[in-house]
Amino acid sequence: MSRSGLPSVTLLAWALLAPLAVRAQAWGDAAGTVFAADTGLPIPSATVVVTGTNFGTASDADGRWTLRLPDGRYRLRFSAIGFVAAVDSVVVRHGRETRLDVRLESSTLELDEVTIEEERERVEAGVFEIAPRATRDLPMPVRDVARLLKVLPGVASNNEMSNQVSVRGGGFNENLFFLNGFEIFLPFRPRQGEQEGLSLLNADLAERVTFYAGGFPAWYGGKLSSAVEVEYRRPELEPGPPSGTAHVSVLDAGLSAGGSAARRRVGWLIGARRARPRSFFGTQELKGDYDPDFSDLQGVVRWQAPRGVTLEAVGAWARHRFSLSPDARRTFFGTVSQDPDLAPSNLQSMWIRYDADNEERDGYDTGFAGLRFTHPLGAGITARHDAAVYSTVETERYDLSGTAILYLVDPGSTNPTPGSGLFPTGSSRQEDSADNRVAVRTLTARGRYTLARSGHLLDAGWEVRSESFEDRIDERSVVSGRATDGTPVRIVADSLRDAASLDAVRASFFVQDAFPVWPSRPDRMSVTVGLRADGFDFTDEWTLSPRISMRYRLDGRTHLIGSWGLYRQAPTYRELRGKPAPGETSLGALNADLRAQRSHQAVGGVELFLPRLRFLLRAEAWYRSLSNLVSYDIDNVRVRYSGVNDAKGYATGLDLQLRGEFVPGLESWVNYSFLVAREEFLPAHRPAIGAWRTPRPTDQRHTFSLFLQDYVRTDPTWKLHLGMLFGSGLPYTPPVPGTKVGSLVSQVPGDRYSARYPRYFRFDMGVTKQVTAVREGLGRPVSLFLTFEVLNVFDMINTVAYSWIPNQSGIWTRVPTRLTPRTFNVRARVDF
């Protein structure tokens, strides 16, 4: 459903046809043959790419290759297994074919070196790499690497204001995040997406982003679903003066820079960001004074000492504030009949007027510091030792009260107002208050040791982490009304007041080996096997997680990939606490008998390179058998756990991706994912009434996403960026009537996850103009990029949750909580 009569057909045609505008550019062909220098024979399946991009092709069985490119000069990189890569230049002219034959020298690399290089560059089952620059171009409210994950295969999300994602049917709390190898965390207890702010992943500093949707290596552990590794660039490898980027938009701003010193032995990076998306949040139906203020500062210093010794320090500080003084909310919902005689209309409206001096204030103060010492031990052995501290304090305070009135709306009224087109059908008054605080601190020490020998890449390591949680909860929700005799009635819908603390220690060990099955042909088939052990002192449990993955090169363009593993997730404080029983304290509710959740996961897939189209087609089918599950409920983005191992289940699906570059340097992709996620309550925990085999909260059956980039017509300084995300409806648990007090009927949960939200759909687009502001700035050109974005182009109505208001009969009416409508954003970026 669209909110307005915008000419959506015109916009849709423009959005879909815009990528074809590139065909009007001036294009030519580069072609040639790749030969072996020593024998003069052609080299089949050699890779030819434009340097600095993924845009390229592969040679055929006779070593011949052809690459169609826009007019201009290009540097091409030629590579093949067993040969030294070569780089050469070519000038492409409109309507002509430029010949370039290349001869590659035989490689003299030892087998160990080949194995290590292949391990670094190859793609495993469930592993996807993302260019951080995509966050510059993908239209989104604020630039954040965490938000980029939403347009990747296997990822489900239905909220553009939140960083929370579900990966292959997993929960929000089942994902790992790493910054330069140090683990960081998303907010521990958000209630709604507006509170979250920025993640600690700065795209301006990043060089590589690796997303493990399944089959992640043994050095990643403690979670069931996914791992995200963000590696910041190494500025000491960049010659010349400092470089950086600065950007500013209506919603956010940032500055980053990096350089080297001490004869390029010391490299440094620094980045600062600030986001104030008040105009974006203010487009919601809830009107008021929004005041979000999210800031962070990050830095990296790396010292390259003699004899291969490296010392690296990483630090981050973040201060996030969100405040809201609500005024009023008006929501229209229901149906309008085209034929009232056949089916009457049921158009309704809810109006809420908040009391004066109502306010919500939320805050996150986060600090992180990590130190790494890397040194060779000789004979192909490298040791790495880390120490890190992570600290965050999350506060949530609100005092909200107001009266909600339900109206029946006359569809024929052009401007309905109370008494004229609006007819009241019920009202209630609700008072919500909270004063919550959670403080988390972790201290981590770990070591990792790598041995490269005889074609094997052997890894082993250990980790010890101390965790401290201090939790205070004080929240209350009251619904008011009147009895049949007019007496005021108050129902306490929810109330919890308590405090608890937890100190615990986790430890882990892992060993892993990557090797070619046939040492004489290391590129043919490779296998990675690993074993991980994790211990948690609070539950007094140790677990083992074996894992294996493989990659088989069927031919020069086709690879078969697969993985299997047993993944375990020991409980965190949130799962341990669960839901305290009436009269029970949070500390008393901590379940020391809670066992680690388990996931047996198998992935199989194929990867096919299409040289003429210059695209990579990838398909993966997967299955996860789940046991020892801790069931949970989701309200908006808030997760409430049961606190017991009360269920088992499964998740299975198919992920498809078509990825490549229409033109050099602009990567695009299209994804489709199919998912079924079910859970079954164990006999001792099944409800007396209602279903006990249900969908999991993250059961989003169909997901389709795309990120498309292209040049505009004959001017490559103009670029188009299109992003789209579609997800079928997620399940929710509808309430049913409970005890009646006066005219008010309390609510109790109905059949678990027996209803579904409407589908989620967004289409965002942007146009960027590049201008060379200074041709010779600090040793390099200074470029200016101006971007105009339309977010939610078709003004689609998306629902993230429901609230429930009683009518005059005491029956609760479902009222949708909607996300943001169409908004506009203007950005400017300078690269220097």
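So, in region 93-117, of the ones that are of a type in the set (A, V, I, L, M, F, W, C) and modelled with pLDDT under 85, which residue ends up surrounded by the fewest Cβ atoms within 10 Å (Cβ to Cβ)?
Going through the qualifying residues, I end up with L109.
Are any residues in region 633-664 farther than 30 Å from L708 by Cβ, in a strand (DSSP E or B) and open to solvent by less than 10 Å² (accessible area, probe 1.4 Å), and if so, which ones?
If the condition is that a residue be farther than 30 Å from L708 by Cβ, in a strand (DSSP E or B) and open to solvent by less than 10 Å² (accessible area, probe 1.4 Å), then A647 is the only one that fits.
Inside region 221-243, can you point out the residues that are open to solvent by 10 Å² or more (accessible area, probe 1.4 Å) and modelled with pLDDT under 90?
Matches in region 221-243: G221, G222, R233, R234, L237, E238, P239, G240, P241, P242, S243.
Are there any pairs, at least 6 apart or on different chains, whose C-beta atoms fall under 9 Å, with the first in region 427-441 and modelled with pLDDT of 90 or more and the second open to solvent by less than 40 Å² (accessible area, probe 1.4 Å) and not in a strand (DSSP E or B), and if so, which?
That search, which allows pairs on different chains as well, returns V438/F188; V438/Y573; V440/F188; V440/Y573.
Residue pairs, Cβ under 7 Å, 6 or more apart or interchain, first in region 59-73 and open to solvent by less than 80 Å² (accessible area, probe 1.4 Å), second polar (S, T, N, Q) and assigned to a loop (DSSP other than H, G, I, E, B). List them.
S59/S45; W65/S59; P70/Q25
Residues of region 513-547 being at pLDDT below 95 and of a type in the set (A, V, I, L, M), which ones?
A514, V517, M525, V527
Can you pull out every residue in region 516-532 that is more than 28 Å from the chain's Cα centre (by Cα), under 25 Å from Y567 (Cα atoms) and buried (at least 18 other Cβ atoms within 10 Å of the Cβ)?
If the condition is that a residue be more than 28 Å from the chain's Cα centre (by Cα), under 25 Å from Y567 (Cα atoms) and buried (at least 18 other Cβ atoms within 10 Å of the Cβ), then P516, S526 are the ones that fit.
Determine which member of the set T331, T395 is over 16 Å from E194 (Cβ atoms) and in a strand (DSSP E or B).
Just one listed residue meets the conditions, T331.
For region 383-433: of the residues being open to solvent by less than 20 Å² (accessible area, probe 1.4 Å) and among the acidic types (D, E), which is farthest from the chain's Cα centre (by Cα)?
Among them, the one singled out is D386.
Being open to solvent by 50 Å² or more (accessible area, probe 1.4 Å) and assigned to a helix (DSSP H, G or I) is the requirement here; does R321 meet it?
So R321 does not fit the description; no.
Looking at region 200-210, is at least one residue among the basic types (K, R), under 16 Å from the mean Cα position of the chain (by Cα) and more than 19 Å from V151 (Cα to Cα)?
Scanning region 200-210 turns up no residue that is among the basic types (K, R), under 16 Å from the mean Cα position of the chain (by Cα) and more than 19 Å from V151 (Cα to Cα).
Considering every residue within region 282-289, establish whether at least one is open to solvent by less than 30 Å² (accessible area, probe 1.4 Å) and closer than 12 Å to G197 by Cα.
For region 282-289, residues open to solvent by less than 30 Å² (accessible area, probe 1.4 Å) and closer than 12 Å to G197 by Cα: absent.
Return yes when G254 is within 30 Å of D795 (Cα to Cα), in contact (Cβ under 8 Å) with a residue 60 or more places away in the chain and over 28 Å from the mean Cα position of the chain (by Cα) and no when it is not.
no
Just wondering, is there one or more residues in region 428-437 that are hydrophobic (A, V, I, L, M, F, W, C), out of contact with any Phe, Trp or Tyr (no Cβ under 9 Å at 6 or more places or on another chain) and closer than 30 Å to I805 by Cα?
no
Mind checking which residues of region 591-624 are among the small types (G, A, S) and open to solvent by 50 Å² or more (accessible area, probe 1.4 Å)?
The one that is among the small types (G, A, S) and open to solvent by 50 Å² or more (accessible area, probe 1.4 Å): A621.
Of R263, R329, which residue is in contact (Cβ under 8 Å) with a residue 12 or more places away in the chain, basic (K, R) and either crowded, with 18+ Cβ neighbours inside 10 Å or out of contact with any strand residue (DSSP E or B) (no Cβ under 8 Å at 6 or more places or on another chain) (or both)?
Criteria check complete, one pass: R329.
Of the residues in region 266-285, how many are closer than 20 Å to N358 by Cα and free of Cβ contacts under 8 Å to residues at least 60 places away in the same chain?
2
Being over 23 Å from E231 (Cβ atoms) and open to solvent by 20 Å² or more (accessible area, probe 1.4 Å) is the filter here, so list the residues in region 250-260 that pass it.
Of everything in region 250-260, those that are over 23 Å from E231 (Cβ atoms) and open to solvent by 20 Å² or more (accessible area, probe 1.4 Å) turn out to be V250, A253.
Taking the options A755, A828, A773, name whichever one is at pLDDT below 90, of a type in the set (G, A, S) and surrounded by fewer than 17 Cβ atoms within 10 Å (Cβ to Cβ).
From the options A755, A828, A773, the qualifying one is A773.
Out of the residues in region 617-674 that are touching a residue at least 40 places away in the same chain (Cβ under 8 Å) and of a type in the set (K, R), state the one that is nearest to R701 (Cα to Cα).
Of everything passing the filter in region 617-674, R624 is nearest to R701 (Cα to Cα).
Which residues, taken from region 669-682, are surrounded by fewer than 22 Cβ atoms within 10 Å (Cβ to Cβ) and in a strand (DSSP E or B)?
Across region 669-682, the qualifying residues are V670, Y672, F674, V676, R678, E680, F681.
Tell me yes or no: at least one residue of region 683-691 is open to solvent by 10 Å² or more (accessible area, probe 1.4 Å) and in contact with a helix residue (DSSP H, G or I) (Cβ under 9 Å, 6 or more places away or on another chain).
The answer is no; no qualifying residue exists.
Go over the candidates V336, V309 one by one and state the one that is open to solvent by less than 40 Å² (accessible area, probe 1.4 Å) and among the β-branched types (V, I, T).
V309
The values are calculated or read from the model by the stated rules, or taken from the named source; none is laboratory data. Nothing here was measured: the structure is a model prediction, and the numbers come from that model. Backbone-built Cβ (ideal geometry, glycine too); neighbour counts: all protein chains shown. The area values use the complete protein model at the heavy-atom level, side chains included, leaving out ligands, DNA and RNA. Shrake-Rupley method; radii C 1.70, N 1.55, O 1.52, S 1.80 Å.
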